[in-house]
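No lab work stands behind these numbers, since they all come straight from the coordinates. Computed from a predicted model, the values in this text were never measured in an experiment. Here the Cβ positions follow ideal geometry from the backbone for every residue, glycine too, while neighbour counts run over all protein chains shown.
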């Protein structure tokens, strides 16, 4: 049970990041490497603010805002300076490393004795210091659901439709007399805000900020998004946002399973094989009809 | 056909995961000391990365347990997992150990120790750490060496004063010491701060260069070698893994490189006032044995350090650099290498 719970915990936290990566990668068609540094940005902001005594719930909002700022930077570099998408992300990712170090103060900030969204005065009065495992998952689930529902609602607005249009066919956006550059920047802002929020929750759950925690974030995010979308391709009842979150949980399940089952030397290999299996299961099996010219 | 394969594979996966959660759920923790009075122990060792010093810690740890009567194969099952320098992997490993309900978790190096402590915090599983340079900074212990919870262990704090004194003895005219370190390693940052504090007393200035990963080491080393009279190493995982590169570059410029422990001297560093990691591991193993047998609780044991440093010298390196090691030092040396090992 404990095993499933920890998969759920990690999967949901990274699910928030998957939502962010979904926006840039799938909707905007913009592979954003900046998330490798935006994830620790949220953690750095959270760690330094909690150490200074800020309300942990408030740090979630501040982290989101910090992420948005980073996203705006990536967007401006891409739109105004006409730098390619990958490179804008790389520039922000590289620059943010030192900024994250500066915000956190040092490269490793433990939060063992501080209040977090999971354990604070409020929860102590209910649970008397012994926080049950399901409480952690419940808190994370609430954050995930709020993000998902807000995102779904946003997608239905005019701004949301324009966001999707920019990714699919940005000529339409210009023909509607809207600035597609601004919309891209907005999309990057929301996306990085979500990734940063995810970093904040992760830091509070693992009770430590470490500067190297962001490495490989984009890979995790992309894997979650693609697994989620492929696996639930046929399930028309399920919104893509839900599929992406479940994709993240499946990803973490594969990693945990590989760790458990594999010897010490084969963990990543088994993880890769598990991904392959999942993607094969979700493969589109309808044969493509050849169009003869 | 594909559908059948897919179905069988997904069923197997689900079966394995259910089996996985089954063994975890079967024995849920209770409030009393977990392992006291038991005759069979299961421990989890979470090692942060694969390199000589950490491997030595692990070997010493198992030796230390053996010396106290807890032996693998007799009354002990050991699960070893390596995080490959990945912090999220370290978190997952710790979670897995907790859901396996082990009697004790050993965390080797700060990130693995922190992840183990976090996972085991409310689960009544004691955590013993080793190779954590600053347990107070890592919040695993409070200022007066008392544990923050059911967590204790040993610290590999570098004998920096001894090292500075030794360097002065070998190089009476040197002025600047260069130090390569990785900005993401907490141990390195705190060691550098101490070096900078004490260097002046021995007439040295410190020039440091921080890298973010292995790929930047050559450039940073080249920069340091232009300005420093000698280099010295910390217990920095990234730099130590790339040691042969740095040694090669330093040798071309005839600049000596001092190490921080025996493995580095074996590979070609001139000398080191270092801690013996196997001994450190043994000390940790003995602490763990006391906790497993129920003689003491982890929260009652102050963390320990190895107070004596041992001098190691490499005479072949001295020969190549045309530096004479004073005879008094040679006599003091615990071990003297006459060769530079290639592996």
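What is the spread of the Cα atoms of region A:1-66 along each of their three principal axes, largest first, in whole Å?
Result, largest extent first: 39, 36, 16 Å.
Taking only Cα atoms, what is the 0 to 90° angle, nearest 10, from helix B:186-199's long axis to the longest principal axis of chain B?
So the helix axis and the longest Cα principal axis differ by about 30 degrees.
For region B:181-267, what class follows from the C-alpha gyration tensor (a ≥ b ≥ c being the square roots of its eigenvalues): rounded when a/c is under 1.5, otherwise prolate if a/b is larger than b/c, else oblate?
Numbers: a/c = 1.36, a/b = 1.12, b/c = 1.21.
The shape class here is rounded.
Take the Cα gyration tensor of the protein assembly as shown, multiply each eigenvalue by 5, square-root it, and list the three semi-axes largest first, rounded to whole angstrom. If you can, show how the numbers build up before the last one.
Details: eigenvalues 394, 197, 106 Å².
Taking √(5λ) for each eigenvalue gives 44, 31, 23 Å, largest first.
For a bin width of 10 Å, list the pair-distance distribution of region A:138-212 built from all Cα-Cα distances, rounded to whole %.
Each 10 Å bin holds this share of Cα pairs: 17, 38, 25, 16, 4.
Quick one: divide the alpha-carbon radius of gyration of region B:61-189 by 2.2 N^0.38 Å and tell me what you get. Please list the in-between numbers first.
Working: Rg = 17.8 Å, N = 129, 2.2 N^0.38 = 13.9 Å.
Dividing the Cα Rg of region B:61-189 by 2.2 N^0.38 Å gives 1.28.
Test of understanding: in a Gaussian network model of chain A with alpha carbons linked when under 10 Å, which of A:28, A:276, A:163 would top the mean-square fluctuation ranking?
Looking only at A:28, A:276, A:163, the largest GNM fluctuation is found for A:276.
Suppose only helical runs count, i.e. DSSP H with n ≥ 4. What mean residue ellipticity at 222 nm does that imply for chain A under -39500 (n - 2.57) per run, divided by all residues and rounded to the nearest 500 deg cm²/dmol?
When only DSSP H runs of four or more count, the value is -24000 deg cm²/dmol.
Just grab the label-to-label distance for residue B:193 and residue B:330, each label 7 Å out from Cα along the Cβ direction, in nm (one decimal).
It is 4.1 nm.
Taking region A:98-256, how much of its Cα-Cα pair set, in percent, is spaced more than 21 angstrom apart? Don't skip to the answer; put the middle values down first.
Details: 7489 of 12561 pairs.
Summing the P(r) tail past 21 Å for region A:98-256 gives 60 percent.
Angle check, please: helix B:110-120 long axis (alpha carbons) against the longest principal axis of chain B (alpha carbons), in degrees 0 to 90, nearest 10.
The two axes meet at around 20 degrees.
Let's test the formula: R0 of 45 Å, r as the Cβ-Cβ distance of residue B:168 and residue A:126. What FRET efficiency results, to the nearest 0.05?
Details: r = 60 Å, r/R0 = 1.33.
After rounding to 0.05, the efficiency reads 0.15.
At 222 nm, what helix-only mean residue ellipticity would chain B give, in deg cm²/dmol to the nearest 500, using -39500 (n - 2.57) for each DSSP H run of four or more?
Details: 13 runs with 150 residues, N = 343.
Taking each H run of at least 4 residues, the total per residue is -13500 deg cm²/dmol.
Looking only at B:189, B:291, B:151, which one moves most when chain B is put into a Gaussian network model with springs between Cα atoms under 10 Å?
Looking only at B:189, B:291, B:151, the largest GNM fluctuation is found for B:189.
How many angstrom lie between the Cα centre of region A:204-256 and the Cα centre of region A:17-51?
Result: 13 Å between the Cα centres.
Could you work out the mean projected area of the convex hull around the alpha carbons of chain B, in square nanometres to one decimal? Let's see the in-between values first.
On the way: hull surface 82.5 nm².
Approximately 20.6 nm², given one-decimal rounding.
Could you work out the mean count of beta carbons from other protein chains within 10 Å of each residue's beta carbon in B:119-126?
Numbers: counts 3, 0, 4, 6, 2, 0, 0, 0.
For this peptide, the per-residue mean of nearby foreign Cβ atoms is 2.
Taking a quarter of the surface of the convex hull around the Cα atoms of region B:53-96, what do you get in nm²?
For the Cα atoms of region B:53-96, the hull's average projected area reads 3.7 nm².
Helix B:277-292 against the longest principal axis of chain B: what's the angle in degrees, Cα atoms only, rounded to the nearest 10?
Between helix and principal axis, roughly 30 degrees.
Could you compute the FRET efficiency for residue A:161 and residue A:1, with r as their C-beta to C-beta distance and R0 at 30 Å, rounded to 0.05? Write down the numbers at each step before the final one.
Working: r = 43 Å, r/R0 = 1.43.
According to the calculation, E is roughly 0.10.
Hey, could you pull the Cα Rg and Dmax for region A:92-150, both in Å?
15.9, 44
Is the C-alpha gyration tensor of region A:166-293 telling us rounded, prolate or oblate? Criteria: a/c under 1.5 is rounded; beyond that, a/b larger than b/c is prolate, otherwise oblate.
Values: a/c = 2.52, a/b = 1.20, b/c = 2.10.
It comes out oblate by the Cα gyration axes.
Among A:68, A:17, A:283, which one shows the highest mean-square fluctuation when chain A is modelled as a Gaussian network with alpha-carbon springs under 10 Å?
So, out of A:68, A:17, A:283, the one fluctuating most is A:283.
For region B:232-263 and region B:60-109, what is the separation of their Cα centres, given in Å?
Cα centroid to Cα centroid, the span is 30 Å.
State whether region A:1-121 is rounded, prolate or oblate according to the following rule on the C-alpha gyration tensor (a ≥ b ≥ c being the square roots of its eigenvalues): a/c under 1.5 gives rounded; otherwise a/b larger than b/c gives prolate, and the remaining case gives oblate.
On the way: a/c = 2.37, a/b = 1.45, b/c = 1.63.
Here region A:1-121 falls in the oblate category.
Calculate, axis by axis, the spread of Cα positions in region A:2-214 along the three principal axes, and write the results as whole Å, longest axis first.
Largest to smallest, the principal-axis extents are 60, 35, 29 Å.
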